[in-house]
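Participant: Please read through the structure below; I'll follow up with questions.
The values are calculated or read from the model by the stated rules, or taken from the named source; none is laboratory data. These figures come from a predicted structure and were not determined experimentally. Cβ placement follows ideal geometry from the backbone for every residue including glycine, while neighbour counts extend to all protein chains displayed.
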Amino acid sequence: MNLATVEITDVHKRFGRTTALAGLSFEAPAGITGLLGPNGAGKTTLLRMAATVLAPDAGRVRMLGWDPSVSGERLAIRRRLGYMPQEPGFHRSFTAFEFVDYIAILKEMTERKARHDEVRRVLDLVGLDSVKDRKIRALSGGMRRRVALAQALLGDPDLLVLDEPTAGLDPEQRLRFREIVSERAADRTVLLSTHQTEDVAALCPRVVVMLDGRALFEGTPKDLTEVAAGRVWLSAQRAGHARLSWRNPDGAHRNIGDAPEGADLVAPTLEDGYLLLVGERAFAEGEAA
Amino acid sequence: MVASLRDVRSGARASAIPVVPARPSFAGISAIGGVEARKMLTHPVYGVSLLFGLLLFRGVLGFGGTGGSRVGLWLAGGLLMGAVVGTLLSANIAALRPRRDQMLELYGSLPSPPETRTAGSLAGMVLGPGSIAVALTAIAWWVFGRDPDIGPHVDGFLMVQFPLAILALGTSAIAVGRWFPSLFGGPLIIAAYIFTPIGWVAPWIMPRSSGIAPGWHMAYIAAALTMWVALALARDRRTRSRFAIAGIALVFGIFAIVQQTPPGGY
């Protein structure tokens, strides 16, 4: 049995009349798996299931070899889980230290000295040591996200579930985040949802692209980049038949789609592959409708 | 409309956070209790309530007398009155905090069961405002006992009711906060005691000289405490046993209220 694995098999989830997941299946081995997808693709619903705070309507979920629908196994998962929600709440009247300490107590770290050492360690890790005694209401948005990351790192969990962890971080903080997460990913499982394709390219050996509650693509970032091979070109004017086209700072137009004969092809990026994949599906669905 | 209400209900059910089978640990409850005690005592509403109690009791005593014993009465009585309001409001705010601060999702992913936080809030109320209530009661006992008018009525039976009443009200504030997640919950409890006859029908603090049956009165306070604790914990996990304990405590409490009342009233 592979303990460091997330298995999602034909999972369905509805909220009233809204379908969030529609038969989603994929596997995440140890290491970092990046989830990409437009808003409403079902990434957050999936991550909430991975964090055991949401149960699927149908299908099978297994985290670290355990089934979260079985209450005893759910507890086993939670004991090995670090979760950073998309919109983490904070007790604003708490200091950063008090807040992370409070979460540490609820993570069953009841021995005071060891717990305080661990809280100091994770706050230091995310670069908040100098502001640990400042009230959360006085921290900037980026600092608050780092507090949320710090609590997720408590106890060095086997499974890290991070929902848009780099949103609101400045470039330096994002680099620090990549450093922290990549250091921990060697023998652990990290599920990471993001809109930043650069983060996926820099961090994730594996990427899943989601759309409309399904996995549209599973593979390596290189595979996703390859989706756009031969389909990205530059032109002086916007190409009419391009799926997507935008003007570069140098004035040339970067086009994605079916390149015309003799087009000035350029090497695609991960973002090109992602945009083409998601854009093509959306285009096809629009035509079918 | 029925369909959309059904959607809301099924959506709420679909979003419910599954709980874990673990029992809350004593170590976890006491650690959370320590944090909650500090937060309740340092919350501005607690300090403001103490000041409010002093002001109000100054009005009750009248502005005339400024003798030493009057000042002592004012301080002891005012602080006790403020502690009642402060405990109620700060405990209610502590119970509201997880929902207000949108913490339920993160808490739901943690291994400790939700009862750890509720029991931690209750423990914090006992450790923080409860300890202050005991200290203020001890001071008030000494001050009240020396007053020629009040002194004859002061005894252990009367004074033990102060901290117990404060704990019972604080517990009710936590239970109300868990079931009625609104900042109006605490003030509504206060309003209920001021503007309804509940305070006369079921008084918290009565001297022996009123004719009250002491044993039944203590039984009533114990029943109220039990009922509110069971209701607060029932919000975390709606088990039959918790509702049954709350129900039995309610029935017993009503019986004790009837029994404690002297023939012909107070």
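Participant: Of the residues that make up segment A:211-224, is at least one free of Cβ contacts under 8 Å to residues at least 60 places away in the same chain, surrounded by fewer than 16 Cβ atoms within 10 Å (Cβ to Cβ) and over 20 Å from the mean Cα position of the chain (by Cα)?
Facilitator: Checked segment A:211-224: no residue is free of Cβ contacts under 8 Å to residues at least 60 places away in the same chain, surrounded by fewer than 16 Cβ atoms within 10 Å (Cβ to Cβ) and over 20 Å from the mean Cα position of the chain (by Cα).
Participant: Give the number of residues within segment A:98-127 that are away from chain B (no Cβ under 14 Å), of a type in the set (A, V, I, L, M, F, W, C) and not in a helix (DSSP H, G or I). So that I can check it myself, show each step before the final result.
Facilitator: Initially, segment A:98-127 is screened for residues away from chain B (no Cβ under 14 Å), giving A:117, A:120-127.
So of that shortlist, the ones also of a type in the set (A, V, I, L, M, F, W, C) come out as A:122-123, A:125-126.
If we keep only those that are not in a helix (DSSP H, G or I) as well, we get A:126.
Matching residues across segment A:98-127 total 1.
Participant: So A:Ser25 passes all but one of these: (1) of a type in the set (S, T, N, Q); (2) more than 14 Å from every other protein chain (Cβ to nearest Cβ); (3) without any contact (Cβ under 8 Å) to a residue 40 or more places away in the chain. Which condition number does it fail?
Facilitator: (3)
Participant: Kindly list the number of the only condition in (1) under 15 Å from the mean Cα position of the chain (by Cα); (2) exposed (fewer than 14 other Cβ atoms within 10 Å of the Cβ) that fails for B:Ile190.
Facilitator: Of (1) under 15 Å from the mean Cα position of the chain (by Cα); (2) exposed (fewer than 14 other Cβ atoms within 10 Å of the Cβ), only one is false for B:Ile190: (2).
Participant: Related question: Being of a type in the set (Ser, Thr, Tyr) and not in a helix (DSSP H, G or I) is the filter here; which residues of segment A:1-53 pass it?
Facilitator: Our first condition is that a residue be of a type in the set (Ser, Thr, Tyr); within segment A:1-53, this holds for A:5, A:9, A:18-19, A:25, A:33, A:44-45, A:52.
Across segment A:1-53, the qualifying residues are A:Thr5, A:Thr9, A:Thr18, A:Thr19, A:Ser25, A:Thr33, A:Thr52.
Participant: Then there is this: Does B:Leu136 satisfy the condition of being facing chain A (nearest Cβ under 9 Å) and buried (at least 18 other Cβ atoms within 10 Å of the Cβ)? Explain how you work it out, then say what you get.
Facilitator: Numbers: facing chain A (nearest Cβ under 9 Å): no; buried (at least 18 other Cβ atoms within 10 Å of the Cβ): yes.
No: the conditions fail for B:Leu136.
Participant: Still on this model: If you go through segment B:61-77 one residue at a time, do you hit one that is within 12 Å of chain A (Cβ to nearest Cβ), surrounded by fewer than 24 Cβ atoms within 10 Å (Cβ to Cβ) and either closer than 30 Å to B:Arg235 by Cα or aromatic (Phe, Trp, Tyr) (or both)? Steps first, please.
Facilitator: Step one: of segment B:61-77, the residues within 12 Å of chain A (Cβ to nearest Cβ) are none.
No: zero hits.
Participant: Can you name the number of the only condition in (1) in contact with a Lys or Arg (Cβ under 9 Å, 6 or more places away or on another chain); (2) under 28 Å from B:Leu96 (Cα atoms); (3) in contact (Cβ under 8 Å) with a residue 24 or more places away in the chain that A:Asp156 fails?
Facilitator: For A:Asp156, the failing item is (2).
Participant: Separate question: Would you point out the residue of segment A:36-79, among those that are of a type in the set (Lys, Arg) and touching a strand residue (DSSP E or B) at 6+ places or on another chain (Cβ under 6 Å), that is nearest to B:Pro114 (Cα to Cα)?
Facilitator: At the first step, the residues of segment A:36-79 found to be of a type in the set (Lys, Arg) are A:43, A:48, A:60, A:62, A:74, A:78-79.
Adding the requirement that they be touching a strand residue (DSSP E or B) at 6+ places or on another chain (Cβ under 6 Å) leaves A:43, A:60, A:62.
Details: A:Lys43: 26, A:Arg60: 26, A:Arg62: 23 Å.
Ranking the qualifying residues of segment A:36-79, first place goes to A:Arg62.
Participant: State yes or no: is B:Ala223 part of a helix (DSSP H, G or I) and surrounded by 21 or more Cβ atoms within 10 Å (Cβ to Cβ)?
Facilitator: Working: part of a helix (DSSP H, G or I): yes; surrounded by 21 or more Cβ atoms within 10 Å (Cβ to Cβ): yes.
Yes: the conditions hold for B:Ala223.
Participant: State whether one or more residues within segment A:88-110 are outside the structural domain of A:Pro165 (by TED's automatic domain parsing) and touching a strand residue (DSSP E or B) at 6+ places or on another chain (Cβ under 6 Å).
Facilitator: Looking for residues that are outside the structural domain of A:Pro165 (by TED's automatic domain parsing) and touching a strand residue (DSSP E or B) at 6+ places or on another chain (Cβ under 6 Å), one finds at least one in segment A:88-110, hence yes.
Participant: Quick check, is B:Leu106 within 14 Å of chain A (Cβ to nearest Cβ) and either touching a Pro at 6+ places or on another chain (Cβ under 9 Å) or of a type in the set (Gly, Ala, Ser) (or both)?
Facilitator: Considered against the rule, which asks whether it is within 14 Å of chain A (Cβ to nearest Cβ) and either touching a Pro at 6+ places or on another chain (Cβ under 9 Å) or of a type in the set (Gly, Ala, Ser) (or both), B:Leu106 comes out as yes.
Participant: Further, regarding this structure: Taking the residues in segment B:16-30 that are within 7 Å of another protein chain (Cβ to nearest Cβ) and modelled with pLDDT of 90 or more as candidates, determine which candidate is surrounded by the most Cβ atoms within 10 Å (Cβ to Cβ). Write out each step before concluding.
Facilitator: So in segment B:16-30, the residues within 7 Å of another protein chain (Cβ to nearest Cβ) come out as B:17-18, B:20-22, B:25, B:27-28.
Within this subset, residues satisfying the condition of being modelled with pLDDT of 90 or more are B:25, B:27-28.
Working: B:Ser25: 16, B:Ala27: 15, B:Gly28: 25.
Checking each candidate, the answer is B:Gly28.
Participant: Hey, another quick one. Looking at segment A:244-259, I want the residues that are farther than 20 Å from A:Thr225 by Cα and have a partner that is assigned to a strand (DSSP E or B) and of a type in the set (S, T, N, Q) with Cβ atoms under 9 Å, at least 6 apart or on another chain. Which pairs are those?
Facilitator: A:Ala252/A:Ser235
Participant: From A:Ala236, A:Ala202, A:Ala228, A:Ala259, which residue is within 30 Å of A:Met143 (Cα to Cα), hydrophobic (A, V, I, L, M, F, W, C) and either in the same structural domain as A:Trp66 (by TED's automatic domain parsing) or more than 21 Å from the chain's Cα centre (by Cα) (or both)?
Facilitator: Values: A:Ala236 fails: within 30 Å of A:Met143 (Cα to Cα); A:Ala228 fails: within 30 Å of A:Met143 (Cα to Cα); A:Ala259 fails: within 30 Å of A:Met143 (Cα to Cα).
Within the list A:Ala236, A:Ala202, A:Ala228, A:Ala259, the selection yields A:Ala202.
Participant: Kindly list the number of the only condition in (1) loosely packed, with under 15 Cβ neighbours inside 10 Å; (2) touching a Phe, Trp or Tyr at 6+ places or on another chain (Cβ under 6 Å) that fails for A:Arg238.
Facilitator: Here A:Arg238 clears every test but (2).
Participant: For A:Gly16, work out the one condition from (1) more than 14 Å from chain B (Cβ to nearest Cβ); (2) over 13 Å from the mean Cα position of the chain (by Cα); (3) among the small types (Gly, Ala, Ser) it doesn't fulfil.
Facilitator: All conditions are met except number (1).
Participant: So which residues in segment A:54-88 are assigned to a helix (DSSP H, G or I), more than 7 Å from chain B (Cβ to nearest Cβ) and without any contact (Cβ under 8 Å) to a residue 60 or more places away in the chain?
Facilitator: Restricting attention to segment A:54-88, the residues satisfying the condition of being assigned to a helix (DSSP H, G or I) are A:71-78.
Next cut, more than 7 Å from chain B (Cβ to nearest Cβ) only: A:73, A:76-77.
A:Glu73, A:Ala76, listed by residue number.
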